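Okay, structure first, notes after.
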There are 2 protein chains.
Amino acid sequence: MTITITAFEHSPDRGRGLARDMRVRWALEEVGQPYDVRLLSFKAMKEPAHLALQPFGQIPTYEEADLVLFESGAIVLHIAERNAGLLPQAGATRARAIAWMFAALNTMEPPIFDRDMVRILERSEPWYQTRLAALEKTIRMRLSSLSNRLGDGEWLDGPFSAGDLLMVTVLRRLHGVAILPEFPNLANYVLRGEARPAFQRAFAAQAALVARTSC
Amino acid sequence: MTITITAFEHSPDRGRGLARDMRVRWALEEVGQPYDVRLLSFKAMKEPAHLALQPFGQIPTYEEADLVLFESGAIVLHIAERNAGLLPQAGATRARAIAWMFAALNTMEPPIFDRDMVRILERSEPWYQTRLAALEKTIRMRLSSLSNRLGDGEWLDGPFSAGDLLMVTVLRRLHGVAILPEFPNLANYVLRGEARPAFQRAFAAQAALVARTSC
């Protein structure tokens, strides 16, 4: 079974591993599944061939025999369901790990992603500082809740799961931002995620690609 | 097995069925599972008893014996996995239905939800019109992609699924907004969702509650 994912030909993050293919790479590395990568230009992402796989013209996609999937959360869940290592077997703990996947993408990611977008797109607008402060207030509130729940735990709910994988990819967007260090247990949680060999392999793979395509 | 969910004691939408408990009610109605509702004031949502169930102090939660879940997407997925009627059995079609669940919550909902928040919270800000126009541009782009994919299909991918259920709850937030009628197939898709008897029962239940608690 050959797995093929898509990624940016020229990632806007220049190798920081913030594009959403990183999650899928990391999940595949955790479960030991090899994969191929097909690179797409911004133009190709909006063409009919890709829109047939991804209706919104985004990356990543996941192809495996006749299955085509989109949405990084759904792809990571599919990988976690098909392979051991990313979801507990038992009912309640499995359901809770999936709840953390949704929490990462629906509760934590929107304000953190918006903050990056505002910094890129609205920097010269008169409202820039006000907007940024409002988003950072929301982010701080969410981080505070997450920090309280994590406490001195290693991962969010028992062993490392797909919920932690997604949460770490979301929190990594705050690297270099003063907010994350206000919550040392979360900062350390991110470092624990990044220290996993599977993360390292996935990160190196996307960074190597950026180095090559930038030449 | 008794299922208990939480909902707003005083829903900010005043019975329009936009609070996130609506998704869970609808899913439970689709599969024929009875449930109890525990109402929470905004104050109670931020107290330790509720934070133990929902780390971010939000609604809904889902309790069933010793299982406690949060995140409406995760709750709907749990209901769909445990009962027939909301997810196909087979591998590829099931995975694609789950992809639509994530697409509803991660790709479609953020700009649509933000639009409502901006209209409530930023109406007197100097950037209001610009922000609103930018969000509506994003919403229009996403709706256009979704409309192209739906075409003249009844549902997004084969029979009605949890992906349609979540997508309809997200698009309902655009009722009364001029954007949705620009895509007649999507407007009709929402109407088809709302016409389902399970939707009607769920909607009536939350509306009755608002009528009662507003007296």
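The values are calculated or read from the model by the stated rules, or taken from the named source; none is laboratory data. Predicted model only: the values in this text are computed from it and were never measured. So basically every Cβ, Gly included, is an ideal-geometry build from the backbone, and we count neighbours across all protein chains shown.
In table form, for the structure just shown:
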quantity: Which listed residue, of B:Gln33, B:Gln54, is among the polar types (S, T, N, Q) and within 14 Å of chain A (Cβ to nearest Cβ); calculated: B:Gln54
quantity: Residues within the range B:156-196 that are more than 28 Å from B:Phe42 (Cβ to Cβ), free of Cβ contacts under 8 Å to residues at least 12 places away in the same chain and not aliphatic (A, V, I, L, M), tallied; calculated: 3
quantity: Residues that are touching a Leu at 6+ places or on another chain (Cβ under 9 Å) and either farther than 12 Å from A:Leu186 by Cα or at pLDDT below 95 (or both), drawn from the range A:124-159; calculated: A:Ala134, A:Ile139
quantity: Odd one out for A:Ala162, checked against (1) buried (at least 20 other Cβ atoms within 10 Å of the Cβ); (2) farther than 26 Å from B:Pro55 by Cα; calculated: (2)
quantity: Subset of the range B:1-45 (residues that are in a helix (DSSP H, G or I), of a type in the set (D, E, K, R) and surrounded by fewer than 17 Cβ atoms within 10 Å (Cβ to Cβ)); calculated: B:Lys43
quantity: Verdict on B:Ala95 being aliphatic (A, V, I, L, M), without any contact (Cβ under 8 Å) to a residue 60 or more places away in the chain and not assigned by TED's automatic domain parsing to the domain that holds B:Met167; calculated: no
quantity: Condition check for B:Ile98: at the interface with chain A (Cβ under 9 Å from one of its Cβ atoms), modelled with pLDDT of 95 or more, closer than 30 Å to A:Leu156 by Cα and touching a Phe, Trp or Tyr at 6+ places or on another chain (Cβ under 6 Å); calculated: no
quantity: Matching residues in the range A:197-215 - criterion: being more than 17 Å from the chain's Cα centre (by Cα), touching a residue at least 60 places away in the same chain (Cβ under 8 Å) and part of a helix (DSSP H, G or I); calculated: A:Leu209, A:Val210, A:Ala211, A:Thr213
quantity: Of residues in the range A:46-58 being more than 23 Å from A:Ile112 (Cα to Cα) and without any contact (Cβ under 8 Å) to a residue 40 or more places away in the chain, the one surrounded by the fewest Cβ atoms within 10 Å (Cβ to Cβ); calculated: A:Pro48
quantity: Any pair with Cβ under 6 angstrom, 6 or more apart, that starts in the range B:114-133 at a residue that is facing another protein chain (nearest Cβ under 9 Å) and ends at one that is aromatic (Phe, Trp, Tyr) and surrounded by 15 or more Cβ atoms within 10 Å (Cβ to Cβ); calculated: B:Glu122/B:Tyr128; B:Trp127/A:Trp127
quantity: Qualifying positions in the range B:59-95 - under 14 Å from the mean Cα position of the chain (by Cα) and facing chain A (nearest Cβ under 9 Å); calculated: B:Phe70, B:Glu71, B:Ser72, B:Gly73, B:Ala74, B:Ile75, B:Leu77
quantity: A:Met45, sole failed condition from (1) within 9 Å of another protein chain (Cβ to nearest Cβ); (2) of a type outside the set (Phe, Trp, Tyr); (3) out of contact with any strand residue (DSSP E or B) (no Cβ under 7 Å at 6 or more places or on another chain); calculated: (1)
quantity: Qualifying position, being crowded, with 18+ Cβ neighbours inside 10 Å, of a type outside the set (Val, Ile, Thr) and under 28 Å from A:Leu146 (Cα atoms), among A:Ala92, A:Ala97; calculated: A:Ala97
